[in-house]
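The values are calculated or read from the model by the stated rules, or taken from the named source; none is laboratory data. What you are looking at is a predicted structure, and each value in this text was computed from that prediction instead of being measured. Note: ideal-geometry Cβ built from the backbone for every residue, glycine included; neighbour counts use all protein chains shown.
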Amino acid sequence: MKTSRKFSLCFRQCRIISLMEENQRQQTPRYILAGELRREYVILPDGKALLDVPGGNLIYAAAGLGVWDLSTPPGLVARVGEDYKQDWLESFKQQGFDIRGIKVLPEAVDLRSFYAYTDLPTRASDDPVHHFANLGLPFPKSLLGFTQKGNSPDNRTKLKTTSLRQNDFIPEYLEATSAHICGIDFLSHTSLPSLLRQNGFTMVTLSPTPGYMNPNFRDDIPSLVTGLTAFIPSEEEVHTLFHGYGRDIWEMMEELASYGCEIVVLKCGERGQLLYDTATNNRWEIPPYPAKVIDPTGVGDAFCGGFLVGYRKTFDPLEAVLYGNISASLVIEGQGPFYAMDVLPGLPEARLKALRQSVRKI
């Protein structure tokens, strides 16, 4: 096992050198990923604590994409404060990502997030003092003063510090053709898809946030979804959005598709994914690849990165979901986003082949 791991790391180092050389020649990324970077404090299901480690939906989506394709470094777009660790940004570059789109603001920005997995499917994100004390762990000084902002409704008129603006996209990034927009906020999500389409992007996928996936924003959703290649919410978010309407999950997915997107994919946690293809009216259930769960953080975002690659490679919605599913299976088996990118060559393809036998058409 140690020999295999050394071989994998050596292979990874050689690939990184090749990618850095390619980045010098290639100024336009093939893929663009937009989202948020965070400083994460995580208590894993086994009780181990990860303190102040790089995270956020953007870097997990990048890792899910990187499992399949780093032939051209994907461009990352996010906003961070001047207090964000520079060596983390350098590590993203060394992993093969284009970080020119990460804007460092001339101010400190609190990007801390806390998660505690009380069991495998249950994640708490509040009261970190209780969770550390319950496990007999010392409370990290760098988490002092942390308050969980919760899932309060998004603001329709006021941008957050981390909200993305159109001028956050450098000109070279706007020459790409494929993008995924991670969960940010309502205002970011209403402006970015149209910006990308106006600049010739033919593939734009988006994951919403709980801040607007609720009945108060239901009338706003059609204009947000229109024109997307794929809308990728969680099952919980869709149920919340349609709360009180008494429809089954497929009817809700069909309604979302009717707003004008090609594909609707529901992330259903430990039950895998549901896929609705608007063009063919096909419905699919895709179970999760059977993986050993170590750290569930960022799994849904890794799925989205893999989905984007899969759809660009195959233009087959089902294959795209399978790609994303395998990205998620690799991320969940390790700690942090980059574990999935250090697996043995050929492992993602082997899992992909095996998973194809488990899908079910409804």
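Quick look at the values:
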item	result
Segment 154-176 - residue that is in contact with a helix residue (DSSP H, G or I) (Cβ under 6 Å, 6 or more places away or on another chain) and more than 17 Å from residue 200 (Cα to Cα) and, of those, surrounded by the most Cβ atoms within 10 Å (Cβ to Cβ)	164
Complete set of residues in segment 279-292 that are touching a Gly at 6+ places or on another chain (Cβ under 9 Å) and surrounded by fewer than 19 Cβ atoms within 10 Å (Cβ to Cβ)	285, 287
Scope segment 44-56; condition surrounded by fewer than 23 Cβ atoms within 10 Å (Cβ to Cβ) and under 18 Å from the mean Cα position of the chain (by Cα); matching residues	53, 54
Residue count, segment 202-218 (criterion: part of a loop (DSSP other than H, G, I, E, B) and in contact (Cβ under 8 Å) with a residue 60 or more places away in the chain)	3
Looking only at segment 84-99, and only at residues there that are assigned to a loop (DSSP other than H, G, I, E, B) and not hydroxyl-bearing (Ser, Thr, Tyr), the one that is surrounded by the fewest Cβ atoms within 10 Å (Cβ to Cβ)	85
Tally, over segment 65-83, of residues that are buried (at least 21 other Cβ atoms within 10 Å of the Cβ) and in contact with a strand residue (DSSP E or B) (Cβ under 9 Å, 6 or more places away or on another chain)	9
Boolean, residue 41 is at pLDDT 95 or above, more than 17 Å from the chain's Cα centre (by Cα) and crowded, with 23+ Cβ neighbours inside 10 Å	yes
Some residue of segment 133-151 being of a type in the set (S, T, N, Q), surrounded by 12 or more Cβ atoms within 10 Å (Cβ to Cβ), touching a residue at least 24 places away in the same chain (Cβ under 8 Å) and within 20 Å of residue 99 (Cα to Cα)	no
